[in-house]
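Below is one structure; the comments refer to it alone.
The values are calculated or read from the model by the stated rules, or taken from the named source; none is laboratory data. Since we're looking at a predicted model, the values are computed, not measured. When we count neighbours, we look across all protein chains shown, and the Cβ atoms used for this are built from the backbone with ideal geometry, even at glycine. Side chains are part of the model used for accessible areas, which takes the heavy atoms of the whole protein and leaves out ligands, DNA and RNA. Shrake-Rupley method; radii C 1.70, N 1.55, O 1.52, S 1.80 Å.
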Amino acid sequence: MGNPKAFLTIPRKEAGYRPVHDRIADYGEVEQTLNPEDRRLQASRCMECGVPFCHWSCPLGNRQPEWQDRLFKNDIKGAYKLLTMTDDFPEFTGRVCPALCEKGCVLNKEHEPVTIRENEAAIAERAFAEGIITPCPPSRRTGKRVAVIGSGPAGLAAANRLNRKGHSVTVFEKDEAPGGLLRFGIPDFKLNKNIIDRRLDILRQEGVEFRCGVEAGTDITADELLRDFDAVCLAMGAEVPRDLKVEGRDLGGVHFALEFLKQQNRVNAGQSVAGDERITATGKHVLVIGGGDTGSDCVGTANRQGALSVTQIEIMPKPPVGENPDTPWPYWPMVLKTSSSHLEGCGRRWLLDTRRLTGDDSGNVREVEVEEVEWVKDPVTGRMNLVHTGKKETLRADLVLIAMGFVNPKSEGLIDALGVEKDQRGNVKTDPSAHTTSVEKVFAAGDVASGASLVVRCMAAGRDTAKAIDAFLS
């Protein structure tokens, strides 16, 4: 430890966000950066605990105390090397990870955890800027070929690790560019797409092949994949959204959240969208149904498009503010989360269930009927049951965005063609340790096997599945 008492004398300092009036006028990243000296001081606050709960909390198992010390000592090469032993793409996780590590930080007992996520991003950015990150193709090739289906965080992590082992990796992506939800689902104001392209250039130079606009199961059949490749890794994500099955669901102006977010990201990338196909919040009252991160992303995007008002509703109770005795440190705290998008202008309400949508004469949504609910514990089972109170009201809404999560991967196409076994939730069933499916030489990583999860969990699954595939091929 360079400064064992820094946590006592140096307060937590976050980079913060750009001013609201500035950032809602564009889609640039909202988060600012600290200067290198302030960043070093923040890294020095790491206590290098005897039991590093940050490491325990991280799905990737990042060794935070070690690379925090390297950052404090200005050894960016050493810090980056330690960081990428476990985290393939710290420039992604440093931007979009909810920082489970910080919630486990011992200093979080006083709500002053080390700025681990920001430090992580800073290491990656300095490593790029200082020329530390360069293409490193494997010194030899094994002659084995692996197909990775999907180029989201799980697919990219698996492809990176397998390529390092010398296997020839081809990534199949149905969309026009690689990145999966990193590119199309996460708004530019949280993750600039140049960050993805910069990493993809490295992967290509190292030998990873990307075939975009190719629908596995259709453009290339399951039989062809099994014939031409020594292993297949399914990493297509959980794409089927949870739908809202109420009267008026088919009205105009009612869309799934990802329809809205993907389209705006494509527009930002320079694509044109026909007027009748454009989903826009401009001059509209927007209702976001679902209180999670995807819903928050809809809030930020709607504000940038010029919505008259944005309201986000959630069927669950409002979480406690600050402290929750039910989720004590070092566990992830179930407390109220306010994102940068919420700070830009949003009405938030809880314990509301959507009952009916009504429209105007042209068939477009205009109002949404909601009902207050309660969650009551069953005295026998202890299970919380939803109870409708009968208290209804009508909310104005010209655009309704359904952000209620995802249920399972899309079975039609490759999954059905391969005939892999599925679990009760409709996900691809895998052996927990070997990541194998019921079909020989077919593996699965990320949301396609676990259901919708975090980017960092998908990257961890991609890394671990790559290890299992390498063992299989070896």
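Of the residues making up region 185-202, those that are within 17 Å of ASP297 (Cβ to Cβ) and either of a type outside the set (Phe, Trp, Tyr) or surrounded by fewer than 16 Cβ atoms within 10 Å (Cβ to Cβ) (or both) are GLY185, ILE186, PRO187, ASP188, LYS190, LEU191, ASN192, LYS193, ILE195, ILE196. For ARG12, the criteria (1) touching a Pro at 6+ places or on another chain (Cβ under 8 Å); (2) part of a helix (DSSP H, G or I); (3) open to solvent by 40 Å² or more (accessible area, probe 1.4 Å) hold in every case but one, which is (2).
Here the condition is being open to solvent by 20 Å² or more (accessible area, probe 1.4 Å), touching a residue at least 24 places away in the same chain (Cβ under 8 Å) and within 29 Å of ASP197 (Cα to Cα); of LEU71, LEU34, LEU82, it holds for LEU34 alone. Of the residues that make up region 290-297, is at least one loosely packed, with under 13 Cβ neighbours inside 10 Å and either assigned to a loop (DSSP other than H, G, I, E, B) or of a type in the set (Gly, Ala, Ser) (or both)? No, because not a single residue in region 290-297 is loosely packed, with under 13 Cβ neighbours inside 10 Å and either assigned to a loop (DSSP other than H, G, I, E, B) or of a type in the set (Gly, Ala, Ser) (or both). Taking the residues in region 348-376 that are of a type in the set (A, V, I, L, M) and part of a strand (DSSP E or B) as candidates, determine which candidate is surrounded by the fewest Cβ atoms within 10 Å (Cβ to Cβ). Top of the filtered list is VAL376. Residues in region 377-398 include at least one that is surrounded by 11 or more Cβ atoms within 10 Å (Cβ to Cβ) and more than 25 Å from ARG249 (Cα to Cα). Residues in region 35-74 that are within 30 Å of ASN265 (Cα to Cα) and either under 24 Å from the mean Cα position of the chain (by Cα) or modelled with pLDDT under 95 (or both): CYS58, PRO59, LEU60.
Residues that are touching a Gly at 6+ places or on another chain (Cβ under 7 Å): list the helices (runs of 4 or more DSSP H) wholly contained in region 151-243 that include at least 3 such residues.
Because the criterion is at least 3 residues that are touching a Gly at 6+ places or on another chain (Cβ under 7 Å), the helices (runs of 4 or more DSSP H) in region 151-243 that meet it are 153-164.
Looking only at residues of region 106-154 that are closer than 30 Å to PHE53 by Cβ and small (Gly, Ala, Ser), we find that the one that is surrounded by the most Cβ atoms within 10 Å (Cβ to Cβ) is ALA154.
Can GLY94 be described as at pLDDT below 95 and either outside any loop (DSSP other than H, G, I, E, B) or over 27 Å from LEU182 (Cβ atoms) (or both)? Judged against the criteria, GLY94 is not a match.
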